[in-house]
Amino acid sequence: MGSDDALFGIHGTALQIRSQRMSMLASNIANAATPGFKARDIDFNKALDAATGQQAGSVDDAVQGNVGYRVPVESSLSGNTVELPVEQTQFAENAVQYKTTLQFLQGRVDTVMQALKGDNT
Amino acid sequence: MSSPLSVFDIAGRAMSAQIVRLNTVASNMANAGTVAGSEATAYRALKPVFQQVSDAPGVSTVKVTQVVQSNTQPTKRHDPDNPLADKDGNVWDAGVDSAAELVDMIETQRQYQNNVQVMQTAKQLTLDTLRIEK
């Protein structure tokens, strides 16, 4: 799965990474009360580069290679590094970006559909 | 989905864990006023122990491994008229910190809501993705 996807270009890969990032942020929110849990996140730009660059590997490998631990603003006594406001804003931001990517994909699909159907307005 | 744990699994199981926590809070509040005839039999607050569950690297949810008795000590009270009183006329009130339990309840509620919100967002995005063919 490289950048040579003729129909969807970079957006198909981007949507997959966004989806995996959503799972990871959901994990952080789910474990907000688990002692010793370390929050993690994907560096989206680096993961996208790794998935679409010259030596593009699989999307899963690209994501796994660019996961990092969140550095908490305030450390907690239980060793948990989840800070709900941070996770919630990241989750919301990621959801908006997912939707944006989806709009790009929708545009491609619409264009191809129009080309297939011809001018039937 | 390449991952065996979907967002729905993650948020759903976290909600189940929070429900267990809410049940312990309810049990503790229900028993907050109980008295016992000895320190050993007096009620002590129940607390769930949360643990991370991970099937794949990067994604994880949460489960309740066990429910333990807290070390909040029952308070001794001199009440010779109580039918449960021992030979010295003492009874023990349940070891429950009501204020702390209420704080716990609010925290549980907020974290449950967070997981509901995550699930709603994920559902909406999944539906949007399905509708792309239209």
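The values are calculated or read from the model by the stated rules, or taken from the named source; none is laboratory data. This one's a predicted model, so the numbers in the text were calculated from it and none came from an experiment. All Cβ positions, even for glycine, are placed from backbone atoms using ideal geometry, and neighbour counts span all protein chains on display.
Scanning the stretch B:106-122 for residues that are within 11 Å of chain A (Cβ to nearest Cβ), of a type outside the set (Asp, Glu) and free of Cβ contacts under 8 Å to residues at least 12 places away in the same chain turns up B:110, B:113, B:114, B:117, B:120, B:121. Examine the stretch A:87-96 for a residue that is within 12 Å of chain B (Cβ to nearest Cβ) and of a type in the set (Val, Ile, Thr), and state whether such a residue exists. Looking for residues that are within 12 Å of chain B (Cβ to nearest Cβ) and of a type in the set (Val, Ile, Thr), one finds at least one in the stretch A:87-96, hence yes. Looking across the stretch B:106-134, the residues that are within 30 Å of residue A:116 (Cβ to Cβ) and under 33 Å from the mean Cα position of the chain (by Cα) come down to B:124, B:125, B:126, B:127.
Taken as a whole, the structure leaves residue A:109 outside the set of residues that are at pLDDT 90 or above and either over 18 Å from the mean Cα position of the chain (by Cα) or not aliphatic (A, V, I, L, M) (or both). Taken over the stretch A:77-121, residues that are more than 21 Å from residue B:118 (Cβ to Cβ) and of a type outside the set (A, V, I, L, M, F, W, C) amount to 14.
So if I check each of B:62, B:96, B:103, which one is within 14 Å of chain A (Cβ to nearest Cβ), in contact (Cβ under 8 Å) with a residue 12 or more places away in the chain and either within 20 Å of the chain's Cα centre (by Cα) or surrounded by fewer than 13 Cβ atoms within 10 Å (Cβ to Cβ) (or both)?
Only one candidate passes the filter, namely B:62.
Could you tell me whether the stretch B:39-50 includes any residue that is within 13 Å of another protein chain (Cβ to nearest Cβ), closer than 19 Å to residue B:108 by Cα and among the aliphatic types (A, V, I, L, M)? So far as the stretch B:39-50 goes, yes, one or more of its residues are within 13 Å of another protein chain (Cβ to nearest Cβ), closer than 19 Å to residue B:108 by Cα and among the aliphatic types (A, V, I, L, M). Restricting A:39, A:92, A:50 to residues that are surrounded by 12 or more Cβ atoms within 10 Å (Cβ to Cβ), in contact (Cβ under 8 Å) with a residue 12 or more places away in the chain and closer than 19 Å to residue B:59 by Cα narrows the list to A:39.
A quick yes/no check of all residues on (1) in contact with a Gly (Cβ under 8 Å, 6 or more places away or on another chain); (2) farther than 30 Å from residue A:62 by Cα; (3) in contact (Cβ under 8 Å) with a residue 24 or more places away in the chain:
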site	(1), (2), (3)
B:5	no, no, yes
B:12	no, no, yes
B:30	no, yes, no
B:37	no, yes, yes
B:67	no, yes, yes
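Per the conditions (1) farther than 18 Å from residue A:45 by Cα; (2) more than 10 Å from chain B (Cβ to nearest Cβ); (3) surrounded by 14 or more Cβ atoms within 10 Å (Cβ to Cβ); (4) free of Cβ contacts under 8 Å to residues at least 24 places away in the same chain, the sole criterion not satisfied by residue A:81 is (4). Among the helices (runs of 4 or more DSSP H) lying completely within the stretch A:1-67, list those that include at least 3 residues that are within 11 Å of chain B (Cβ to nearest Cβ) and of a type outside the set (Gly, Ala, Ser). Counting at least 3 such residues, we get A:10-30, A:59-64.
Scanning the stretch B:21-38 for residues that are crowded, with 18+ Cβ neighbours inside 10 Å and within 14 Å of chain A (Cβ to nearest Cβ) yields B:21, B:24, B:25.
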